[in-house]
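Values in this text are rule-based calculations from the coordinates and carry no lab data. These figures come from a predicted structure and were not determined experimentally. Positions of Cβ are generated from backbone atoms using ideal geometry, with glycine treated the same way; all protein chains shown enter the neighbour counts.
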Amino acid sequence: MKKESTLYKVLLLGVLCAVCGTLLAGVNSITAPIIEAAAIEKEKANLELIYPGASFKEVTDYEDPTGLIQGVYEAEGQGMIYKIKNTGYNSNGFTFMIAFNNDGTVGGYTVLEHGETNGFGSRAFEEDYVNTIKGLTSSDPVPLLTGATITTTAVQQGIDAAKAHFNETNGISYDPNAVAEAAPAPAGDPLPLNDDYAQFKCEVEELSNDGTTAKYHVTSRGFGLLDPDGMASHSGHEYKRNEAEIEVDLASMKIVNYTLTVFGDTEGIGDTATTEDKQQEFVGKTLEDSIDSVTGATWTGKSLAAMAQAALNAASGN
């Protein structure tokens, strides 16, 4: 066969390709374990937060339609660890790990990095909620946390993605649509109605006055407009003033009705201080009284207290 012929060149190219393929396969067989070991070593400190001293193997052949799973690791003889990244209240997002033991119980839940607001979203990574998650199984729905709904919803989505893979891999049947009750937000410090609320810059308009009762339309700046920790302005939420209609008995100078008409703060956070029950707490109150704040929604609660104070002052002619 002549070297100049097309057939010779085709055969030669085929031989070269075969040789290259063999060499690449050989190189891959050598480098793949090294690459995997390097990846494991990079995450090992984090993985050992959950399974200290375990032997770990990275799982690469998994499907995740949510795009939230950043890594899957098997702890030999113990369980599976999932690295999750999602976005909560802070637009920069947060990263955490959730692990399921081989029997389906939660083996660990730990945050790696987050920028969620202290007293709000940060509660999703604090002891009480961490212990709640650790008490679950891969079949249980993930509860939200009142006062940190945005962040815990993002946590829930990430854990649900991990549950879907773990349960399918282990043949565990569960209801992916099950919903858990949200844990109530704990009561915070009292908010005196005669406190200094000047920074809320309340505006009052009298709507009616029959000599017995007077009704006022009151507006106030809330958490988002005050931005006390310098994070609200970077959250992506559009904030506006909170508004309420407040009726005062002119003889006793007590509030007889309190209705929030516009909520301008963050849904899932500040609104825990604005429920019907919380509004009802103002009924019967004078300037000498106080209401309970809600942990995680203190500034919104102060905004509502400021409006109550403004209405009472207007009723007394101040």
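Here is how the numbers come out for the structure above:
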item	result
For S138, net neighbour charge (Lys/Arg +1, Asp/Glu -1) across residues whose Cβ lies under 14 Å away	-3
The range 41-183 - convex hull of alpha carbons, volume per residue in Å³	105
Long pairs among K201/K278; K134/K302; K163/K278; K254/K302; K83/K240, criterion Cα-Cα beyond 26 Å	K134/K302; K163/K278; K83/K240
Summed residue charge, Cβ within 13 Å of E267's Cβ, Lys/Arg positive, Asp/Glu negative	-2
Whole-number D in µm² s⁻¹ for the range 74-150, Kirkwood Cα-pair radius fed into Stokes-Einstein, 4 °C, 1.567 mPa s	99
Pairs of alpha carbons in the chain whose separation is greater than 35 Å (percent)	44
Helix runs (DSSP H) in the chain reaching 20 Å along axis by Cα, Kyte-Doolittle at least 0.0	6-47, 298-315
Loop sites in the range 93-191: GluC sites (Glu not before Pro), DSSP, at most 12 other Cβ within 10 Å	E181
Two-site FRET efficiency, A180 against T66, from Cβ-Cβ distance with R₀ of 22 Å, rounded to 0.05	0.70
